[in-house]
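Take a look at the structure below.
Values quoted throughout were computed directly from the atomic coordinates according to the rules given, and no laboratory measurement underlies them. Keep in mind the model is a prediction, meaning the values are calculated, not measured. So basically every Cβ, Gly included, is an ideal-geometry build from the backbone, and we count neighbours across all protein chains shown.
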Amino acid sequence: MPIVNRVADLHPHITAWRRTIHENPGLLYDVQHTASFVADRLREFGCDEVATGLGQTGVVGVIKGKKLAGKGDIKVIGLRADMDALPIEEETNLPYASKNPGLMHACGHDGHTAMLLGAARYLAETRNFAGDAVVIFQPAEEGGAGAAAMIKDGLMDRFGIEQVYGMHNGPGIPVGSFAIRQGPVMAATDSIDIRIEGIGGHAARPNKCIDSVLVGSQLITGLQSIVSRTIDPLESAVVSICEFHAGNARNVIPHTAELRGTVRTLTKEVRELVEKRVCEVVAGVAQMTGAKIDLVYERGYPVTKNHAVQTEFATRVAKEIAGDANVHEMPPLMGAEDFAYMLEARPGAFIFCGNGDSAGLHHPAYNFNDDAILYGTSYWIKLVENTLAA
């Protein structure tokens, strides 16, 4: 079946909501403007319950269907959108560009929130399902683990959520198409912070120094060898050192240096192996050079892993909206997503909705494609009506 006709009628409203959210971005948990906007809309729609303050600034709406559920049926489904923006200066020159200097919705969370609001309005109007549709608007996806914070505040148990689903826009995927896969769909992300203490001195007398820049360079080379020479070529891992801070003069060997980077993996076994090897490389370089090296290795988001039954179901729903030819099995991505915490708590699936030929995510010229609203909102609606069918 094609997009829901009522969604086409609502498209101008959903677009306007999206652009209002786009103009008023907030970082991490500081999304009060968007959270208030969302809560006000949910109350206007007539949601049976609107809860605020979960995970600091998260918002949850409950919409009860008018049909009776059968014995053993799924009775509560959760749908999640993220609300936070990024610390990027917007370069779109749009009339609805960010009003907050240095902040922008460069990942499409404005579109995610608007599409779920559109679905909530439709579901509250029709209630053509059995059970509860729980719409979840989450802060702090971009590194703040807002999903974990909402779960800690009782999200799953308080609302009785049995299955949970998430969606993200996908630049490069045609509008009107979806992409999904069973199993690992996005990577675990861990952080590396390294502080090197050598012996500084004159650049003309390196023999009297322990050069923290050279030590840092050896560390980077050693850390890169973990993926190329330790990890099975048929497995996936990324080790990227993205910051190297040392020195402030061309003729001074700096006493200290700092490195910071990220690790991405798709399985528990590879994650543990990479962490072990990072520690070994750091210890080995310290012994070899005589430098003191402090390592902080911190685990972040887990692997975003789609459950088999729910992935198959989500795929069928997406095909109803877009047609069989427009729903693709995707390769796993090495980006990370804190929806992983929700998929650890409940079975579900995470899908990508095409954003067309746009700038990439986290780019200052990125903009969510409002044409995608028709498909993403229709997907949410049909997911609820099919999951909670009487």
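Extension gain for Ala359 to His13 (0.36 nm times residue separation, less C-alpha to C-alpha distance): 122.1 nm. Proximity of backbone amide H atoms, modeled 1.01 Å from N, is registered between Val252 and Ala203 at under 5 Å, excluding neighbours fewer than 5 places apart on the same chain. The stretch between Cys279 and Ala97 holds 61.1 nm of extra length on full extension. This uses 0.36 nm per residue minus the Cα-Cα distance. Global dimensions of region 1-80 from alpha-carbon coordinates: Rg and Dmax equal 15.4, 46 Å. Under the simplified labelling scheme, the Arg316-Asn5 pair shows an inter-label distance of 2.5 nm, with each label point 7 Å from Cα along Cα→Cβ. Membrane-span-like helices in the chain, defined here as complete DSSP H runs extending at least 24 Å along the helix axis by their C-alpha atoms with mean Kyte-Doolittle hydropathy no lower than 1.0, are absent; this is a sequence and geometry rule, not a statement about a membrane. If a spin label sat at a point 7 angstrom from the Cα of Lys152 along the line to its beta carbon, the backbone N atoms of region 51-65 nearer than 16 Å would be those of 53-58.
Were the residues from Ser217 through Asp371 laid out at 0.36 nm apart, the gain over their Cα-Cα distance would be 50.8 nm.
Across the chain, the fraction of Cα-Cα pairs farther apart than 31 Å, rounded to a whole number, is 42%. Each label was represented as a point 7 Å from its Cα along the Cα-to-Cβ direction; for Thr52 and Ser225 these points are 5.7 nm apart. Result for the chain in a Gaussian network model with C-alpha springs under 10 Å: among Ala81, Ala114, Ala39, the largest mean-square fluctuation is at Ala39.
Each eigenvalue of the Cα gyration tensor of region 59-206, multiplied by 5 and square-rooted, gives one semi-axis; in descending order these are 41, 22, 15 Å. Helices in the chain, meaning DSSP H runs of at least 4 residues, each add -39500 (n - 2.57). Divided by all residues, the mean residue ellipticity at 222 nm is -11500 deg cm²/dmol. Taking one equal scatterer on every alpha-carbon of region 197-332, how large is log10 of I(q)/I(0) by Debye at q = 0.16, 0.18 1/Å? Scattering profile of region 197-332, log10 relative to I(0): -0.87, -1.00.
Listed values for region 129-140 are Karplus-derived 3J(HN,Hα) couplings in whole Hz (6.51 cos²θ - 1.76 cosθ + 1.60, θ = phi - 60°), namely 7, 10, x, 10, 9, 10, 9, 10, 10, 10, x, 6, and x replaces Gly and Pro.
In the chain, excluding the sites themselves, the longest stretch lacking any of the trypsin sites (Lys or Arg not before Pro) that are in a DSSP loop with at most 10 other Cβ atoms within 10 Å is 72-249.
A simple spin-label model places the labels of Asp73 and Ala390 0.8 nm from each other, with each point 7 Å out along Cα-to-Cβ. Backbone geometry of region 75-89 corresponds, through the Karplus equation with coefficients 6.51, -1.76 and 1.60 at θ = phi - 60°, to 3J(HN,Hα) couplings of 10, 9, 10, x, 10, 10, 10, 9, 10, 8, 10, 10, x, 10, 7 Hz, x marking Gly and Pro. Dipole size of the chain about its Cα centre, with +1 on Lys/Arg Cβ and -1 on Asp/Glu Cβ: approximately 420 debye, rounded to the nearest 20.
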